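Right, one structure below, let's go through it.
The values are calculated or read from the model by the stated rules, or taken from the named source; none is laboratory data. Computed from a predicted structure; not experimentally measured. Every residue, glycine as well, gets a Cβ built from its backbone with ideal geometry; the counts of neighbours run over all protein chains shown.
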Amino acid sequence: MPHVFRLLLTGLLCTLGALTPAWATYPERPITLVVPYPPGSMGTAFGNLVSETIAPALGQRMVVEYKPGANGTLGAAYVAKTPADGYTLLMAVNSTMTINPSLYGQLPFDPLKDFAPISMVFTSANLLVVNASSPVKTVQQLIELARKRPGKVFYGSAGNGSTTHLSGEMFRQISGAPLAHVPYRGSGPAISDLLGGQLDFIFVDTSALAHVAAGRLRALAVTGKTRLAAAPEVPTMEEAGIKGFYVDTWYSLAAPAGTPPEVVQRLSAEVARMVASPTVRERMRHMGTDPAVDTRPAHLGEVMRADTARWKKFLDGTRIRLD
C-alpha cells in the first residue's frame with residue numbers, strides 16, 4: 001500500500017476512534033456508589049449486595065462511599081452535581097427522593113428533574129420493635145401504655161423525616177397515642193438505646209431482624225401491606241388494629257440527569273439479572289426485603305412520582321417540617 005494511503009487510512013481510523021461515544025466502552029474505570037446514610041443497617045446491606053453482585057458483570061470495581069446528612073439530602077445533592085457519565089451512582093430511597101421534597105422548604109436538588117432513574121432493587125417495610133424484656137407484647141398494649149403515661153413513652157427513629165420517623169407519626173395520628181419522638185443519626189444508635197433501655201420502642205428497618213432472632217428484641221408489627229417473608233409470624237400494623245396504616249420502603253439506583261440512556265440501560269439490565277438470580281433472591285429474603293418486581297427505569301420513575309404525591313398529601317396534614 002502506498003505510503004500516502006497508509007497515512008490516510010491511519011488518520012481515518014483515529015478519527016473514527018475519537019468519534020466513538022464513551023458509553024460504547026462503559027465502564028472503563030471503577031464506579032462509585034454513594035449511600036447517603038451512615039454505615040450500618042440497610043444502607044450497608046444494599047451497598048454490599050449491589051457492589052458484590054454487579055461489579056463482576058461490569059468488569060470494574062464498585063466502591064461504596066457513605067455521605068450521610070440531612071436524611072439523605074447531602075449525599076443525593078453531591079451525586080446530582082457529579083458528571084452524568086455513569087461513574088457516580090446513588091442509592092436512591094423513598095425518604096430522600098419522595099419524602100424530603102415535602103419536608104424541606106428548599107432542597108439543593110430536584111429528585112424528579114436532577115436524576116435519571118435506573119432500577120428498583122428491592123422493597124421492604126419497617127418493624128415496630130420493643131426490648132425483649134418489655135412487658136409490652138402487642139401493639140394495643142403499647143397504645144394502652146402510652147395513654148397511661150402521656151408524653152412519657154419514647155420512640156426512636158433513624159432521624160427526622162425518615163420513614164421510621166414518619167411511621168411513628170402515622171402511628172401517633174391514627175391511634176391517638178401521646179408518643180414522644182427521639183431522632184437519631186441512623187438506625188444503629190436507636191437500636192443501641194432500645195437495647196439499653198433508654199427507649200420504649202422504635203420503628204426500624206429489617207436489619208433489626210437479627211436482634212429479634214437472637215431474642216434481644218421483640219417485633220410487634222411490620223408497617224407494610226403484607227407480612228415479611230423473613231418474619232411471617234409478625235402481623236402487619238393493619239392486622240394489629242391500626243387501620244389505614246401503611247408505610248413501605250424501597251431501595252433503588254439512580255444517576256445524575258443527562259446520563260446517556262445506553263449507560264442507564266446497561267446498568268438496569270445488570271440489576272434485572274441480579275434480581276432474577278435465585279442466590280440473590282434468597283439473600284434478599286434473609287435481609288427481610290422483597291426483590292423488585294419491575295426493574296425498568298420507567299417503573300422507578302413512575303413510583304417516584306406517585307410516592308411524591310402520596311407523601312405530600314400526608315405531610316400537608318401534619319406540622320412536620322425540617323426547614
**OP:** Go through the stretch 66-88 and give me each residue that's modelled with pLDDT of 95 or more, among the hydrophobic types (A, V, I, L, M, F, W, C) and either crowded, with 24+ Cβ neighbours inside 10 Å or part of a loop (DSSP other than H, G, I, E, B) (or both).
**Re:** Ala76, Val79, Ala84
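Sort out which residues of the stretch 162-185 are among the β-branched types (Val, Ile, Thr) and either under 21 Å from Ala92 (Cα atoms) or in a loop (DSSP other than H, G, I, E, B) (or both), and write them in order of number.
Thr163, Thr164
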Original post:
Considering only residues of the stretch 228-243 that are in contact with a strand residue (DSSP E or B) (Cβ under 6 Å, 6 or more places away or on another chain) and in a loop (DSSP other than H, G, I, E, B), which is farthest from Thr32 (Cα to Cα)?
Top reply: Ala240
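Yes or no: the stretch 119-131 includes at least one residue that is within 20 Å of Gly258 (Cα to Cα), crowded, with 23+ Cβ neighbours inside 10 Å and either of a type outside the set (Lys, Arg) or not assigned by TED's automatic domain parsing to the domain that holds Thr295 (or both).
At the first step, the residues of the stretch 119-131 found to be within 20 Å of Gly258 (Cα to Cα) are 119-120.
Then keep just the ones that are crowded, with 23+ Cβ neighbours inside 10 Å; that gives 119-120.
After this cut, where a residue has to be either of a type outside the set (Lys, Arg) or not assigned by TED's automatic domain parsing to the domain that holds Thr295 (or both) as well, the list is 119-120.
Yes.
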Original post:
Would the stretch 262-275 turn up any residue that is surrounded by fewer than 13 Cβ atoms within 10 Å (Cβ to Cβ) and either hydroxyl-bearing (Ser, Thr, Tyr) or not assigned by TED's automatic domain parsing to the domain that holds Pro183 (or both)?
Top reply: no
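Residues Ser167, Ser157: which one is in contact with a His (Cβ under 6 Å, 6 or more places away or on another chain) and buried (at least 24 other Cβ atoms within 10 Å of the Cβ)?
Selected residue: Ser157, the only one of Ser167, Ser157 that is in contact with a His (Cβ under 6 Å, 6 or more places away or on another chain) and buried (at least 24 other Cβ atoms within 10 Å of the Cβ).
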Original post:
Does any residue of the stretch 285-307 turn out to be closer than 21 Å to Leu58 by Cα and part of a helix (DSSP H, G or I)?
Top reply: yes
**OP:** Determine if the stretch 243-253 includes at least one residue that is polar (S, T, N, Q) and either in contact with a Cys (Cβ under 8 Å, 6 or more places away or on another chain) or at pLDDT below 95 (or both).
**Re:** yes
**OP:** Those residues that are free of Cβ contacts under 8 Å to residues at least 40 places away in the same chain and over 19 Å from Ile99 (Cβ atoms), I need them from the stretch 157-181; list them, please.
**Re:** Gly176, Ala177, Pro178, Leu179, Ala180
Subject >> For Tyr246: the one exception among (1) of a type outside the set (Asp, Glu); (2) in contact with an Asp or Glu (Cβ under 9 Å, 6 or more places away or on another chain); (3) not in a loop (DSSP other than H, G, I, E, B) >> reply: (3)
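State yes or no: is Gly188 assigned to a loop (DSSP other than H, G, I, E, B) and over 30 Å from Gly301 (Cβ atoms)? Steps first, answer last, please.
On the way: assigned to a loop (DSSP other than H, G, I, E, B): no; over 30 Å from Gly301 (Cβ atoms): yes.
No, not satisfied.
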Subject >> Near pairs, Cβ below 7 angstrom, 6+ apart or cross-chain, from the stretch 33-60 (within 20 Å of Gly186 (Cβ to Cβ)) to any residue that is charged (D, E, K, R) and crowded, with 17+ Cβ neighbours inside 10 Å >> reply: Val34/Lys67; Pro36/Lys67; Ser41/Asp205; Met42/Asp205; Leu49/Arg283
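In the stretch 202-220, which residue that is more than 22 Å from the chain's Cα centre (by Cα), touching a residue at least 24 places away in the same chain (Cβ under 8 Å) and outside any loop (DSSP other than H, G, I, E, B) is nearest to Gln141 (Cα to Cα)?
Leu220
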